[in-house]
Amino acid sequence: MTPVPTSHHFIAQRLRLHYVDWGNAQAPPLVLVHGGRDHCRNWDWVAADLARDWHVIAPDLRGHGDSAWAVGGDYGIAGYLYDLAQLIHGSDLAPVTLVAHSLGANVALRFAGLYPDKVAKIVAIEGLGPSPAMRAKRDEAGAAGRLRNWIDQIRTLAPRTPKRYAGIDEALARMMAENPRLSPAQARHLTVHGTQQNEDGTFSWKFDNYVRAWPPVDIAHADEVAIWGRVAAPTLLVYGAESWASNPAEDGRLAAFGNARVELFDRAGHWVHHDRTDDFVRVVRDFLAD
C-alpha cells in the first residue's frame, strides 16, 4: 500500500511551520527540502518510493506551502537555515540524510557544513546558487547597488496582492507554462497542493510574494565555499543538462567539496526530480546504498 503523508507543525522564531511525515518512524530519517516558490508536496513521487526504507519528512519552508509567512516579509537564507536546524533538532533526526532542491539545497548544504556530524549523506539538486559568471555580473553592482536593487524589488512587490485564478484549471495553465516538461498529472498535483481557495471562490498560490526578492545581504561567497569544504557527508550534486544552472564539475565549484561528485541528467531542466523522476529515484537509492 502506498503510504499517505500526515501533516504536523513545529515552531521556529515564533513562526508555525508545516511539514508532512510519510511514516516508517523506525527507519533512518531522511528530510526532503523543496525550492523557492514550491511546497513540500512537490516531493510526493520521490517520497512515496523512499518511504519504504526511510522515515521521510518534508517541510514547507517559511513563506511557502502551509507554513506561516515571515513577519515583515524578510526571507534571508539564515532564517531558512534556522528552520531546517530547528526541525532536525526538535525531532531528534540527526544523523539525517538530506535530499533537497534549489533554494532548499542551498540551505541543506550550509547545514551540512555547519553541522557535519549531523548529516549522513546529502543529495543537492542545483543548490550552489548562481554560476561564477552570474555571480561576477551581480557583483559588478557592488554592495550599494545590490541594496538599491533589493529596495526596488520590495517596493515593487509591496502593492501586489496574490494573483487570483478563476479556478484550478486556470492556475494549472500557469503551472504548465512555468515548466512545460511536467506531465498533466504532475502539473495538476502540484497546482492542487500549491494553491488555496479564497473566500470569493478563486484560487491563489500559497507562497508569499516577498519570497521572490533575493536577500541583498548574505555571507561572503568565500565563506560559503569554506562551509562547503566542511561538509563531511558523501555528497551528490545533481544537475539537469538543459537547466540554466552551471555544472560545478565544469565551472570549478566541485573542488570546494571534499567528498562529492556530480550526476548530470540529460533531458532534464532545473526540476530534475520532476523531469526524470524514476531515474532520479534510482540514482538516489544507489547513492544512499553505497
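Listed highest first by mean packing, meaning other Cβ atoms within 10 Å per residue, what order do 166-177, 87-98, 263-274 come in? Could the numbers behind the result be given before it?
Values: 166-177: 15.1, 87-98: 18.1, 263-274: 19.6.
Ranking the peptides 166-177, 87-98, 263-274 by packing returns 263-274, 87-98, 166-177.
I need the peptides 42-53, 182-193 ranked by packing, meaning the mean over residues of other C-beta atoms within 10 angstrom, with the highest value on top. Could you put the intermediate results ahead of the total?
Working: 42-53: 19.8, 182-193: 16.9.
For the peptides 42-53, 182-193, the packing ranking is 42-53, 182-193.
Under the classification rounded if a/c is under 1.5, otherwise prolate if a/b is larger than b/c and oblate if not, where does the chain fall, given a ≥ b ≥ c as square roots of the Cα gyration tensor eigenvalues?
Here the chain falls in the rounded category.
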Farthest towards the positive end of the dipole of the chain, among S7, N198, V96 and with Cβ unit charges of +1 on Lys and Arg and -1 on Asp and Glu, lies the Cα of N198
The size of the Cβ-based charge dipole (Lys, Arg +1; Asp, Glu -1) of segment 47-143 about the Cα centre, to the nearest 20 debye, is 240 debye
Filtered hits (lysines, Cα-Cα < 26 Å from K206, offset >= 8 within chain) -> K163
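If you count the DSSP beta bridges with both ends in the chain, what percent of them are antiparallel, to the nearest 5? Display every interim value, and only then the final one.
Numbers: 14 of 37 bridges.
The antiparallel proportion sits near 40 percent.
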Ranked output for segments 131-144, 207-220 by mean other Cβ atoms within 10 Å, highest leading, reads 207-220, 131-144
Whole-Å distance linking the alpha carbon centroid of segment 103-164 with that of segment 166-240 is 13 Å
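Every number in this text was worked out from the coordinates using simple rules, so none of it is lab data. Since we're looking at a predicted model, the values are computed, not measured. Counting neighbours? That spans all protein chains shown, and the Cβs are built from the backbone with ideal geometry, glycine included.
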